[in-house]
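Enquirer: This structure is in structure tokens; I'll ask about it shortly.
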Amino acid sequence: MKGLHIILFLFLHFVAFGQLKVELYGTVLDGQTGETLIGATVLVEGSTIGVTTDIDGKFILSLAPGSYNITASYIGYETFTRTNLIVQSKGNADLNFSLSPAGKTIENVEITASPFARSLESPTSLQKLSPEELKTYPGGNNDIAKVVQSLPGISGSIGGFRNDIIIRGGAPNENVYYLDGVEIPNINHFSTQGSAGGPAGLLNVSFIEGVELSASSFGARYDNPLSGVLQFDQRDGNRRSFNTNFRVSASEAAITLEGPLFKRGREESNTSFIFSGRRSYLQFLFDLIGLPIRPSFYDYQYKFSSKIDEYNSIIFTGIGAIDDFSLEAPEDYSPEQQAVLEQVPLIEQYSASTGLVWKRRRKDGKGVYHTALSYNRLRNEFSGYEDNENKEGLLFQTNSRETEFKLRPRYTHFINNWSLSTGFNVIYAQYTNETENFIQNVQYDSGIDFIKYGLFFQASKANIGDRLDVTFGVRSDANTFTTQSLQLLRTISPRAGISIRLDGADKWRFNASAGSYYKIAPYTVLGFESEEGNLANQDAEYINSIHLVSGISFNPTRTSKLSVEGFYKKYNNYPVSVLDGVSLANQGGDFSILGDEDIESIGEGRTYGVEFLAQQKLIKGFYGILAYTFYFSEFTGDDGIYRPSAWDSRHLLSFTGGYKFGKNYELSLRSRFIGRTPYAPVDEGATLQNYPLTVLDYEQLGDVFLRPFYQTDFRFDKKWNFKLLALNVYLEVQNLFGQAVPTPPQFALDRDEVGQVIFPLQLTELSAQEGIVLPTIGLVVDF
């Protein structure tokens with residue numbers, strides 16, 4: 001009987017959540033300087049709950065678990081609303097607001113709070129995602145890279161199973177990624193070297209406070225973007241208490257720990273940490289559905305934050321992964337499974353990035369110093385065997401290493417409503433490549449090391465005449481490896497943008513930008529060695545992309561947004577394969593190594609189109625994003641003729657939305673449509689000679705197309721809030737209607753019924769894969 005009483009006591013202790021109140025902590029800051037705002041107002045919409053910030057700019061709200069829209073305001077600053085904020089009994093991150101200085105108040109006109117943040121530096125083609133949008137995204141499986149693909153103008157590679165981020169018809173390797181101001185080379189496991197895509201995301205969604213994507217109008221401080229800049233902001237660890245988050249999903253299990261350091265009896269420490277580790281079990285999932293591939297990965301992510309004093313703070317952050325892609329023959333023979341065993345390469349990768357960031361605010365509030373020192377390394381082992389399962393009979397193998405040491409200091413000065421930013425970057429790079437290809441008789445062992453450097457200036461001013469925001473900047477880059485002369489002059493890249501308020505209530509805006517951007521060729525290109533033992537691509541030129549963008553945005557209500565934007569991108573100096581005569585812009589979306597070959601910088605390209613966006617932030621339980629892009633993507637090869645690229649799908653349509661019912665139930669849905677996509681078919685004769693390597697016939701690129709791609713994903717969440725823990729259980733169904741993924745025709749050696757090769761050798765076309773409905777159940781626990 002005593003044991004029963006204990007069990008009953010514990011049960012009641014956990015389920016007694018009807019009267020729960022949670023303290024939600026936060027800070028309101030000046031978005032430019034980072035200075036705390038004393039006396040700022042923080043209000044919970046639809047209620048009488050509200051507080052003002054204290055002498056440290058901090059506030060505490062006492063709320064019952066649920067979803068809220070919370071607004072922060074301060075005299076002389078633009079009001080901002082955080083929508084769909086989920087408050088739990090445990091595991092709540094701090095709610096921090098960064099308010100932008102406002103212009104003069106327009107007489108007799110009320111400027112209402114907006115949940116749509118703008119960027120003075122990037123007035124066009126900017127999208128932001130909140131933590132709530134990332135965590136409950138249907139079909140994303142907590143994968144940030146998949147979530148980003150729902151934004152306007154963005155698609156994945158052919159078939160939709162990879163995390164390639166293809167922006168407005170550009171190649172997957174045209175984007176750069178930053179984690180709290182520290183550049184990271186890629187955001188995926190099993191990444192394509194020389195590009196950035198892969199089948200599974202590297203970032204832990206529990207860390208991320210927000211994602212900002214710019215598809216044009218890049219800030220001058222960023223080097224190497226041609227299509228996009230993705231900035232991932234991580235939250236700080238809890239400075240008051242220790243918390244744990246445990247998550248189990250369809251493909252992984254993850255644990256996140258956070259808490260204060262050096263608290264010494266104080267209510268709140270100046271130093272905190274947050275750390276996570278993840279382990280995949282994709283190999284078990286693929287075994288269950290009868291596929292021979294066995295991808296497995298571990299990863300980690302961490303961040304230490306410390307406020308040294310009122311004016312100085314540092315963060316130390318890092319991320320890393322161990323990836324192993326192996327194969328295992330199924331019990332029953334099938335031609336399709338045998339082709340996978342023979343043709344899919346084995347991949348072993350190790351990646352690590354770490355960085356130290358120091359932020360210093362001037363005591364007079366007129367400037368901010370930001371310095372980032374970072375290191376990243378990639379080790380990639382890419383191989384194929386006659387017997388891939390047992391690694392016997394080596395056919396080809398590449399062992400390569402990439403290492404970078406980076407220094408990025410910048411200073412931003414504020415004067416008369418102008419923001420003036422200047423700085424430079426220095427990168428020491430090392431790359432080695434040991435390649436043995438016994439099929440094509442290619443062998444070399446190369447190594448390069450050199451320095452990349454650049455400098456920039458940017459000036460921005462908001463609310464000129466209470467109507468106009470303007471920004472302009474310039475940067476230039478050079479390196480000590482390529483032979484191009486006068487690099488700093490040749491790579492001068494100006495950019496400018498404007499945003500014009502068209503009405504007094506700031507509901508209508510006209511936005512426009514123009515800019516020229518440069519990117520150095522990937523290390524795989526620069527480090528390629530010819531048969532004569534020479535570095536064949538030392539004459540590679542910087543790739544250039546010129547952007548022209550303009551559009552109009554309209555906010556019918558303070559929680560809704562409509563926009564239309566036209567864009568044009570012109571490419572110059574794009575690398576073209578000497579062997580295939582095709583632009584490398586068409587490659588990088590598969591499991592291979594991009595650019596490990598002789599190239600010429602003679603390619604051109606153009607992508608152009610129009611984007612439509614309709615977005616509704618949380619209102620009366622509903623939220624959603626509807627995006628449509630119509631565009632063209634064309635590149636030239638060695639013949640100089642423009643042809644549709646491998647990303648020229650013409651139509652991208654996506655809807656992502658959801659509804660919050662009472663009692664913490666939530667239903668969300670994602671649907672995507674991608675138009676007919678060009679592909680390069682298999683060159684059967686060349687493939688037979690080089691089997692199991694697949695050789696593509698790029699002369700037919702643009703002549704044959706895949707059928708359109710369509711997929712709908714569904715997710716249903718239920719949350720419980722107990723005194724000692726918060727629990728979220730969800731059901732997710734990917735590919736709800738079982739649509740078959742469009743893929744190019746695949747070929748393999750012709751075999752008899754028991755799998756023996758038929759002589760003389762010939763290829764046979766494999767059966768197309770059927771669509772698979774993939775239901776999974778996930779669990780998230782905070783305590």
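The values are calculated or read from the model by the stated rules, or taken from the named source; none is laboratory data. Just so it is clear, the model here is predicted, and its values are computed rather than measured. Methodologically, a virtual Cβ is constructed for each residue, glycine included, from the backbone with ideal geometry; neighbour enumeration extends over all protein chains shown. Accessible surface areas use protein heavy atoms only, side chains included; no ligands, DNA or RNA. Shrake-Rupley method; radii C 1.70, N 1.55, O 1.52, S 1.80 Å.
Enquirer: Looking at Gln689, Gln762, which is the one that is open to solvent by 70 Å² or more (accessible area, probe 1.4 Å), at pLDDT 90 or above and closer than 19 Å to Ser334 by Cβ? Talk me through it step by step, then tell me what you get.
Expert: Values: Gln689 fails: closer than 19 Å to Ser334 by Cβ.
Of the residues listed, the single one that is open to solvent by 70 Å² or more (accessible area, probe 1.4 Å), at pLDDT 90 or above and closer than 19 Å to Ser334 by Cβ is Gln762.
Enquirer: Given the options Phe414, Phe396, name the one that is in contact (Cβ under 8 Å) with a residue 40 or more places away in the chain, touching a Lys or Arg at 6+ places or on another chain (Cβ under 7 Å) and open to solvent by less than 50 Å² (accessible area, probe 1.4 Å). I'd like the intermediate steps shown before the answer.
Expert: On the way: Phe396 fails: touching a Lys or Arg at 6+ places or on another chain (Cβ under 7 Å).
One residue alone meets the criteria, Phe414.
Enquirer: Check region 306-325 and report whether any residue there is closer than 29 Å to Gly771 by Cα and of a type in the set (Lys, Arg). First the steps, then the outcome.
Expert: Looking only at region 306-325, we keep the residues that are closer than 29 Å to Gly771 by Cα, and these are 323-325.
From the residues that got through so far, the ones that are of a type in the set (Lys, Arg) too are none.
No, every residue in region 306-325 fails to be closer than 29 Å to Gly771 by Cα and of a type in the set (Lys, Arg).
Enquirer: Which condition does Gly140 not pass, out of (1) buried (at least 22 other Cβ atoms within 10 Å of the Cβ); (2) at pLDDT 75 or above; (3) not hydroxyl-bearing (Ser, Thr, Tyr), if it passes all the others?
Expert: (2)
Enquirer: Given the options Ser296, Ser269, Ser276, name the one that is outside any strand (DSSP E or B) and touching a Leu at 6+ places or on another chain (Cβ under 8 Å). Explain how you work it out, then say what you get.
Expert: Numbers: Ser296 fails: outside any strand (DSSP E or B); Ser276 fails: outside any strand (DSSP E or B).
Selected residue: Ser269, the only one of Ser296, Ser269, Ser276 that is outside any strand (DSSP E or B) and touching a Leu at 6+ places or on another chain (Cβ under 8 Å).
Enquirer: Pick out the one residue from Ser516, Ser485 that is surrounded by fewer than 23 Cβ atoms within 10 Å (Cβ to Cβ) and in a loop (DSSP other than H, G, I, E, B). Walk me through how you get there before you give the answer.
Expert: Numbers: Ser516 fails: in a loop (DSSP other than H, G, I, E, B).
Result: Ser485 is the single residue among Ser516, Ser485 that is surrounded by fewer than 23 Cβ atoms within 10 Å (Cβ to Cβ) and in a loop (DSSP other than H, G, I, E, B).
Enquirer: Scan region 727-783 for residues that are assigned to a strand (DSSP E or B) and of a type in the set (Phe, Trp, Tyr) and jot them down. Even if it seems obvious, please write down each step before you answer.
Expert: Initial filter on region 727-783 (assigned to a strand (DSSP E or B)): 727-734, 747-749, 751, 757, 763-765, 774-782.
Across region 727-783, the qualifying residues are Tyr730, Phe747.
Enquirer: Limited to region 402-438, what total is found for residues that are at pLDDT 95 or above and under 22 Å from Asp223 (Cβ atoms)?
Expert: Residues that pass the stated criteria total 24.
Enquirer: In region 551-599, how many residues are under 24 Å from the mean Cα position of the chain (by Cα), of a type in the set (Ser, Thr, Tyr) and open to solvent by 20 Å² or more (accessible area, probe 1.4 Å)?
Expert: Total meeting the criteria: 3.
Enquirer: Could you grab me the full set of residues in region 280-293 that are part of a strand (DSSP E or B) and open to solvent by 30 Å² or more (accessible area, probe 1.4 Å)?
Expert: First pass over region 280-293, keeping only residues part of a strand (DSSP E or B): 280, 293.
Passing the criteria: only Ile293.
Enquirer: Out of Asn186, Asn175, which single residue is farther than 24 Å from His651 by Cβ, open to solvent by 10 Å² or more (accessible area, probe 1.4 Å) and touching a Ser or Thr at 6+ places or on another chain (Cβ under 8 Å)? Talk me through it step by step, then tell me what you get.
Expert: Numbers: Asn175 fails: farther than 24 Å from His651 by Cβ.
None of the others qualify; the one that does is Asn186.
Enquirer: Any chance region 229-238 includes a residue that's open to solvent by less than 10 Å² (accessible area, probe 1.4 Å) and touching a helix residue (DSSP H, G or I) at 6+ places or on another chain (Cβ under 9 Å)?
Expert: Looking through region 229-238, at least one residue is open to solvent by less than 10 Å² (accessible area, probe 1.4 Å) and touching a helix residue (DSSP H, G or I) at 6+ places or on another chain (Cβ under 9 Å).
Enquirer: Quick one: is Glu541 at pLDDT 95 or above, part of a loop (DSSP other than H, G, I, E, B) and acidic (Asp, Glu)?
Expert: Yes: the conditions hold for Glu541.
Enquirer: Something else: Condition first: under 24 Å from Val340 (Cα atoms), in contact (Cβ under 8 Å) with a residue 60 or more places away in the chain and buried (at least 20 other Cβ atoms within 10 Å of the Cβ). Now tell me which residues in region 668-681 satisfy that. Walk me through it before giving the result.
Expert: Within region 668-681, the first condition is being under 24 Å from Val340 (Cα atoms), and the residues that meet it are 677-681.
This time we only want the ones that are in contact (Cβ under 8 Å) with a residue 60 or more places away in the chain, so: 677, 679-681.
Hits for region 668-681 are Thr677, Tyr679, Ala680.
Enquirer: Please name all residue pairs, on different chains or six or more residues apart, with Cβ atoms under 6 Å, provided the first residue is in region 69-97 and is farther than 23 Å from Phe622 by Cα and outside any loop (DSSP other than H, G, I, E, B) and the second residue is among the aliphatic types (A, V, I, L, M) and open to solvent by less than 40 Å² (accessible area, probe 1.4 Å).
Expert: Cβ pairs passing all conditions: Tyr77/Leu99; Tyr77/Ala102; Phe97/Val28; Phe97/Ala72.
Enquirer: Out of (1) open to solvent by less than 50 Å² (accessible area, probe 1.4 Å); (2) touching a residue at least 24 places away in the same chain (Cβ under 8 Å); (3) within 29 Å of Arg294 (Cα to Cα), the odd one out for Gln440 is which?
Expert: It is condition (1) that Gln440 fails.
Enquirer: Can you tell me which residues in region 705-724 are in a strand (DSSP E or B) and within 21 Å of Pro742 (Cα to Cα)?
Expert: Step one: of region 705-724, the residues in a strand (DSSP E or B) are 705-706, 709-721.
Within region 705-724, Phe705, Leu706, Phe709, Tyr710, Gln711, Thr712, Asp713, Phe714 qualify.
Enquirer: Taking the condition of being of a type outside the set (A, V, I, L, M, F, W, C) and open to solvent by less than 80 Å² (accessible area, probe 1.4 Å), how many residues in region 747-759 meet it?
Expert: Our first condition is that a residue be of a type outside the set (A, V, I, L, M, F, W, C); within region 747-759, this holds for 750-753, 755-756.
Of the ones still in play, those that are also open to solvent by less than 80 Å² (accessible area, probe 1.4 Å) are 750-752, 755.
The total comes to 4.
Enquirer: Continuing with the same structure: Mind listing just one residue for me: the one in region 322-378 that is among the basic types (Lys, Arg) and assigned to a strand (DSSP E or B) and, of those, least open to solvent (accessible area, probe 1.4 Å)?
Expert: The selected residue is Arg361.
Enquirer: Still on this structure, I have one more. So if I check each of Phe705, Phe716, Phe722, Phe737, which one is touching a helix residue (DSSP H, G or I) at 6+ places or on another chain (Cβ under 6 Å) and surrounded by fewer than 19 Cβ atoms within 10 Å (Cβ to Cβ)?
Expert: On the way: Phe705 fails: touching a helix residue (DSSP H, G or I) at 6+ places or on another chain (Cβ under 6 Å); Phe716 fails: touching a helix residue (DSSP H, G or I) at 6+ places or on another chain (Cβ under 6 Å); Phe737 fails: touching a helix residue (DSSP H, G or I) at 6+ places or on another chain (Cβ under 6 Å).
Result: Phe722 is the single residue among Phe705, Phe716, Phe722, Phe737 that is touching a helix residue (DSSP H, G or I) at 6+ places or on another chain (Cβ under 6 Å) and surrounded by fewer than 19 Cβ atoms within 10 Å (Cβ to Cβ).
Enquirer: For region 471-480, give me the residue count where each residue is under 27 Å from the mean Cα position of the chain (by Cα) and either open to solvent by 20 Å² or more (accessible area, probe 1.4 Å) or charged (D, E, K, R) (or both).
Expert: Result for region 471-480: 4.
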